[in-house]
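Taking it in order: structure first as C-alpha cells, then the write-up.
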Amino acid sequence: IVKALDLEWDDLFEEPLKEVARYPYHSGGRLFEKVRLVSGTHKTFRWEPVLNGHRMPLYRLGEALALPGPLYVIESEKDVDTLLGMNVAAVCMPGGAGTWYPEFSESLKGRNVVIVADRDEPGVKHARNVHADLQGKVSSERILQSATTADHYDVCDQLAAGFTLSQVVPLEAPSDLM
C-alpha cells in the first residue's frame, strides 16, 4: 500500500523509523526475521523476507522445550529473550496477542504452562483464549499477570520495577486488569 501511494515508510511517521530489534524465527529450514521499528511513541513490525502466507512457529520454541520447569507463554519476543536469558522456558506467538493457533498447543503437550497476560484488555482476552485451547493438551495451565498495576505492563516491566518473576499474580476477574 505504501509503495502504491508512492510513499516511503518514514512518510507515515513524525520521526523516521528506527530499527531497534530483530527476532529470528526458523521455519521449514529458512530464517525469517521479525523486525521491530519505532518512531517516537509508535512501533511497528515487518517480516524479512515477506511471509507470503507462511505460518511461523512459537518464538524460540526449541530452546524453551530444552529447559526444565514450567514454560511461560507471553506476548512479546523481548520478554521471551529476557526470560530465556534467566534460564526460564518461555515462548510467544509470532503475531502477539490474538494470534494463537491450535498447533501451538500441540507443540506444548505434556508441559506445565504458565500464561502471563499483559495488563490490558487484549492481553487478558488472549490469555483466556490460550488457556482454553491448552486444556487437556498440557499437564497443567494457569493464567497470571504482572504484579505491577500500570496499564499494558508485562513481564519485562515487572522485572524492571524491581519485582521477581515469582511475584506474578493470578488473573481472576476482569477487574484485575488495573
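List of remarks:
- Cα-Cα P(r), segment 108-160, percent of pairs per 10 Å interval: 27, 46, 25, 2
- Solvent-accessible surface of protein heavy atoms, probed at 1.4 angstrom with all chains present, puts CYS92, CYS156 in the order CYS156, CYS92, largest first.
- The P(r) of segment 1-68 has a tail past 18 Å containing 52 percent of all C-alpha pairs.
- Largest-first ordering by accessible area, 1.4 Å probe, given options MET56, MET86: MET86, MET56
- Here segment 71-178 is assigned +1 on the Cβ of each Lys and Arg and -1 on the Cβ of each Asp and Glu. Its dipole about the Cα centre then comes out at about 380 debye.
- Normalising the average separation of contacting C-alpha pairs (under 8 angstrom, six or more residues apart) by the number of residues puts the relative contact order of the chain at 14 percent.
- Partners of LYS34 within straight-line reach, counting lysines whose Cα lies under 27 Å from its Cα and excluding those fewer than 8 residues away in the same chain: LYS3, LYS18, LYS43, LYS78, LYS109, LYS125.
- Surface accessible to a 1.4 Å probe, per residue, for the residues of the chain, Å²: 54
- Evaluated at q = 0.20, 0.21 Å⁻¹, the base-10 log of the normalised Debye intensity for segment 86-178, with identical point scatterers placed on the Cα atoms, takes the values -0.99, -1.08.
- For ILE74, net neighbour charge (Lys/Arg +1, Asp/Glu -1) across residues whose Cβ lies under 10 Å away: -4
- Correct option for Cα Rg over 2.2 N^0.38 Å [calculated from the coordinates] among [x] 1.72; [y] 0.97; [z] 1.08: [z]
- LYS18 - accessible surface, heavy atoms, 1.4 Å probe, Å² rounded to 10: 120
- The figure for TYR153 is an accessible area of roughly 80 square angstrom, using a 1.4 Å probe on the protein chains alone.
- In segment 36-141, the alpha-carbon atoms span a convex hull of 114 Å³ per residue.
- Counting only protein heavy atoms and using a 1.4 Å probe, the accessible area of THR41 comes to about 140 Å².
- One equal scatterer on each Cα of segment 63-116, no solvent, Debye formula: the resulting log10 I(q)/I(0) at q = 0.24, 0.25, 0.26, 0.29 Å⁻¹ is -0.94, -1.02, -1.10, -1.30.
- With every protein chain in place, segment 38-138: carbon and sulfur % of accessible area (1.4 Å): 52
The values are calculated or read from the model by the stated rules, or taken from the named source; none is laboratory data. Please read all numbers here as calculations on a predicted model, not as lab measurements. Counting neighbours? That spans all protein chains shown, and the Cβs are built from the backbone with ideal geometry, glycine included. Just the protein is used for accessible areas: all its heavy atoms, side chains included, with ligands, DNA and RNA removed. Shrake-Rupley method; radii C 1.70, N 1.55, O 1.52, S 1.80 Å.
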